[in-house]
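J.: Following this message is one structure expressed as structure tokens.
What follows draws every value from the coordinates through simple rules; no lab data is involved. In this text the structure is predicted, and so the values were computed from the model without any measurement.
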């Protein structure tokens, strides 16, 4: 849970906005700036932001969900190391 909160705060700080007011364009821009992020980091950040906006919508804080039109990045599945 702390990782999700940190991601939302990092995203909002990067744009200097209140996270509940974010737009799809801001989300896409932030994700595009993560050029050195690994595929799994991209997936983790996507799921954190998605969970945040789903919660805002379900709690009645937002009518829309700006993550709806953004594509989920592919996650690389690890191999088990017994």
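J.: Which value in deg cm²/dmol, rounded to the nearest 500, describes the helix-derived mean residue ellipticity at 222 nm for the chain, given -39,500 (n - 2.57) per DSSP H run of n ≥ 4 and division by the residue count?
T.: Counting only the DSSP helices, I get -17500 deg cm²/dmol.
J.: Can you tell me the alpha carbon radius of gyration of the chain divided by the globular rule-of-thumb value 2.2 N^0.38 Å?
T.: Taking the Cα Rg and dividing by 2.2 N^0.38 Å, one obtains 1.14.
J.: Please report the projected area of the range 39-82's Cα convex hull averaged over all directions, in nm².
T.: 3.9
J.: Now for a different question. Contour minus end-to-end for residue 38 and residue 68, with contour as 0.36 nm per residue of separation and end-to-end as the Cα-Cα distance? Walk me through the numbers before you get to the answer.
T.: On the way: separation 30, 0.36 × 30 = 10.80 nm, distance 2.24 nm.
Here the answer is 8.6 nm.
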